[in-house]
Structure formats: C-alpha cells, structure tokens
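Right, one structure below, let's go through it.
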Amino acid sequence: MFNPPILPALFAVFIGALVVFDRLVWREYVSHKAYWEADGKPLGFFWVPPESRLANGWVVRLDSLVASRRNSLVWLFSTPEWAQGDRRALRLLFWLRMLTLTWAAGFVGAVIIRLFA
C-alpha cells in the first residue's frame, strides 16, 4: 500500500508517541499522585502501575484502561492542571503532540500520495 521506507518510519514515530505517553503517565503517577487518582488511575501502553491491576497483576482494570484512552486524546489538545507547573511534564506533552502530529501527517500524506500517484 505504501512506499516501503514510509512504513518503518511511521511505525517508529508511532512507537515513540506511545513511549512518551507512558512516561507522561508515569510522571503523573510519581509526582502528582492525587491528580493521577482523580484522572481515573490511567496506565500506559507498556507500563501498568500496580493500582491498575487485578487478579495478581494478570488483568488490567477497565476503568484504568478507559482513563488511559481518554487522557491519550485529551492531553493532545489541552494541558492538564497538574502539568502546568512541571517542566518535565510540559516537555513530554510537547513531544507527545509533535510525534502524534508527525505520525498523523505522515500517514495522511502517504495515503494521499498513494491515491494520486
């Protein structure tokens, strides 16, 4: 479907965005735990905090999963209150937004090129 070099590049950018989101959730968990709990105890894509697990760690809590997916979208468009005074969190938000925008633009661009080439 796409030009072969485009797929690995888009995949790398996508994985980078997931890793940055994980680091952002971890930052909220470690440095702003009250906000993390109020956010629904979100988890990362690769990192799951102990409070988000059930059945001796074998099952992820559904409310934590929903909170993660909600935050992964909301944080792209608005800066959470807990992150406004946290330079590291603001830097992670910047990179999350840039990587997501790069992935989306690359994917849309690849589709457009494929359709009209």
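The values are calculated or read from the model by the stated rules, or taken from the named source; none is laboratory data. Predicted model only: the values in this text are computed from it and were never measured. Please note: Cβ atoms are built from the backbone with ideal geometry, for glycine as well, and neighbour counts cover all protein chains shown.
Taking the criterion of being under 18 Å from residue 86 (Cα atoms) and among the charged types (D, E, K, R), the residues of the stretch 33-52 that qualify are 33, 37, 39.
Residues in the stretch 17-44 that are crowded, with 16+ Cβ neighbours inside 10 Å and of a type in the set (Ser, Thr, Tyr): 29 alone.
Using beta carbons and a limit of 6 Å, which pairs, at least six apart or on different chains, have the first residue in the stretch 36-54 and over 17 Å from residue 79 (Cα atoms) and the second one of a type in the set (S, T, N, Q) and buried (at least 18 other Cβ atoms within 10 Å of the Cβ)? Close Cβ pairs (under 6 Å, with a partner that is of a type in the set (S, T, N, Q) and buried (at least 18 other Cβ atoms within 10 Å of the Cβ)) amount to 41/52; 41/64; 43/52; 43/64; 43/68; 52/64. State which residue is modelled with the lowest pLDDT when the search covers only the stretch 73-117 and only residues that are over 17 Å from residue 42 (Cα atoms) and among the charged types (D, E, K, R). Per the criteria, the residue is 114.
Please go through the stretch 78-114 and pick out each residue that is among the basic types (Lys, Arg) and either in contact (Cβ under 8 Å) with a residue 40 or more places away in the chain or farther than 18 Å from residue 27 by Cα (or both).
Selection gives 88, 114.
I'd like the full set of residues that are of a type in the set (A, V, I, L, M, F, W, C) and touching a helix residue (DSSP H, G or I) at 6+ places or on another chain (Cβ under 7 Å), limited to the stretch 26-60. Residues satisfying the conditions are 36, 43, 45, 46, 47, 60. Residue 56 passes every criterion in (1) more than 17 Å from the chain's Cα centre (by Cα); (2) buried (at least 18 other Cβ atoms within 10 Å of the Cβ); (3) among the polar types (S, T, N, Q) apart from (2).
Of these, 104, 89, 67, which one is under 26 Å from residue 7 (Cβ atoms) and either under 13 Å from the mean Cα position of the chain (by Cα) or surrounded by 13 or more Cβ atoms within 10 Å (Cβ to Cβ) (or both)? Talk me through it step by step, then tell me what you get.
On the way: 89 fails: under 26 Å from residue 7 (Cβ atoms); 67 fails: under 26 Å from residue 7 (Cβ atoms).
Criteria check complete, one pass: 104.
Okay, residues lined up against (1) among the charged types (D, E, K, R); (2) in contact with a Ser or Thr (Cβ under 9 Å, 6 or more places away or on another chain); (3) under 25 Å from residue 102 (Cβ atoms):
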position: 35; (1), (2), (3): no, no, no
position: 40; (1), (2), (3): no, yes, no
position: 45; (1), (2), (3): no, yes, yes
position: 51; (1), (2), (3): yes, yes, no
position: 56; (1), (2), (3): no, no, no
position: 61; (1), (2), (3): yes, yes, no
position: 65; (1), (2), (3): no, yes, no
